[in-house]
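Below: one structure, written as structure tokens.
The values are calculated or read from the model by the stated rules, or taken from the named source; none is laboratory data. Only a predicted model underlies this, so the values are computations on that prediction, with no experimental measurement involved. Positions of Cβ are generated from backbone atoms using ideal geometry, with glycine treated the same way; all protein chains shown enter the neighbour counts.
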Amino acid sequence: MIPKISNCVIIGGSGGIGGMFSSLLADSGIHIHIIDINNPREKFKYEKCDVTNPTTEAINAIKIADMVLLALPENIALQAVEIIASEMKEGSLLAHTLSVQSHINKKIKSLNLPLDIVGLNPMFSPNLSIVNRPIAVVIQKEGPKVNYLLDLIVQWGAHLVHVDSKEHDELCAILQALTHASILAFGLALSNLNVDIKKLSSLAPPPHANMLALLARISGGVPEVYWDIQSANMEAPLAREALMKAVEQLNAAAKDETQFANILTTTQKVFGDQVTSYKDLCTRIFNGPLSPLIKN
């Protein structure tokens, strides 16, 4: 029989990801205790403290928890994990939601903890539904409570993708660091060109309107989250360098039609046998509500 997770401490539970897991776990019947320096949006049991110097009440909550979830920025998580894990009961579950997995895994491995341990990285914003969304799963120490939690996440409707920490960070350098860098570079170019957003919006074709929408979402996000993705992942500089090189290639190809055509051929080959699926996806997106938001 798989041991049930009855109570969970979420450290950083007042943030976006921590708040999402708080609500989902509570809806599954798990008692939630949030530890954070900020008040949670929902009315869960709450202890205000800095986890790198936890209060007695916070330590007591950690000691009896079946599961502790770290929903923290990497720099805080790396400082706090040894303090927190040393107070956890044997056989309980330590989970974390860092956007970079290698550093925290190395730190945890050095501690030789008698715990079930798993890293979870939801590949979507916490203000979106979890249904049909991918979550990267890095199991560091498998155990019954890891399996129990993963079964719950599947019941919530998410799609689990199992990777090791190295593969996770390599993929996320492309999935997140490269993608965000491309969109932010587009935004910086618009700023440098002193554009008139009203005129752009009134004339924007679907590709441009989608880029503006992505830029609005990312530029309005939490800087700490996007900073972590660009700065903490050791593979991110390679992704940004590839982006800069690609712009140089495109700039050179703009002077030669044959070279430009070769770029289209080269980029389409990236898709392999999935090109039709992505073309169809693009059509569905472009057929959506992309009419200009600003009429005048």
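The table for this structure:
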{"quantity": "Some residue of segment 261-276 being surrounded by 13 or more Cβ atoms within 10 Å (Cβ to Cβ), at pLDDT 95 or above and on the phi < 0 side of the Ramachandran plot", "calculated": "yes"}
{"quantity": "Residues of segment 59-74 classified as touching a residue at least 24 places away in the same chain (Cβ under 8 Å) and more than 25 Å from residue 153 (Cα to Cα), total", "calculated": "1"}
{"quantity": "Residue pairs meeting the criteria (Cβ under 8 Å; at least 6 apart or on separate chains; first in contact (Cβ under 8 Å) with a residue 60 or more places away in the chain, in segment 119-141; second surrounded by fewer than 14 Cβ atoms within 10 Å (Cβ to Cβ))", "calculated": "125/217; 125/221; 130/157"}
{"quantity": "Among residues of segment 81-114, those that are among the small types (Gly, Ala, Ser) and over 20 Å from residue 229 (Cβ atoms), counted", "calculated": "5"}
{"quantity": "Filtered residues of segment 188-199 (kept if modelled with pLDDT of 95 or more and either among the polar types (S, T, N, Q) or closer than 30 Å to residue 167 by Cβ (or both))", "calculated": "191, 192"}
{"quantity": "Filter result for the condition that a residue is among the acidic types (Asp, Glu) and either closer than 14 Å to residue 18 by Cβ or in a loop (DSSP other than H, G, I, E, B) (or both), over 57, 82, 90", "calculated": "90"}
{"quantity": "Flag for residue 50 being modelled with pLDDT under 95 and surrounded by fewer than 22 Cβ atoms within 10 Å (Cβ to Cβ)", "calculated": "yes"}
{"quantity": "Segment 1-36, residues that are closer than 16 Å to residue 62 by Cα and either without any contact (Cβ under 8 Å) to a residue 40 or more places away in the chain or aromatic (Phe, Trp, Tyr) (or both)", "calculated": "22, 30, 31, 32, 33, 34, 35, 36"}
{"quantity": "Qualifying residue in segment 163-174 (condition: in a helix (DSSP H, G or I) and more than 30 Å from residue 114 (Cα to Cα))", "calculated": "yes"}
{"quantity": "Per-region count, segment 19-38, residues under 19 Å from residue 116 (Cα atoms) and part of a helix (DSSP H, G or I)", "calculated": "2"}
{"quantity": "Residue 110 being surrounded by fewer than 21 Cβ atoms within 10 Å (Cβ to Cβ), in a loop (DSSP other than H, G, I, E, B) and not hydrophobic (A, V, I, L, M, F, W, C)", "calculated": "no"}
{"quantity": "Qualifying helices (runs of 4 or more DSSP H) (wholly inside segment 200-255; at least 2 residues being crowded, with 16+ Cβ neighbours inside 10 Å, at pLDDT 95 or above and touching a helix residue (DSSP H, G or I) at 6+ places or on another chain (Cβ under 7 Å))", "calculated": "206-219, 236-253"}
{"quantity": "Check on residue 190, over 22 Å from residue 98 (Cα atoms) and either without any contact (Cβ under 8 Å) to a residue 24 or more places away in the chain or not in a helix (DSSP H, G or I) (or both)", "calculated": "no"}
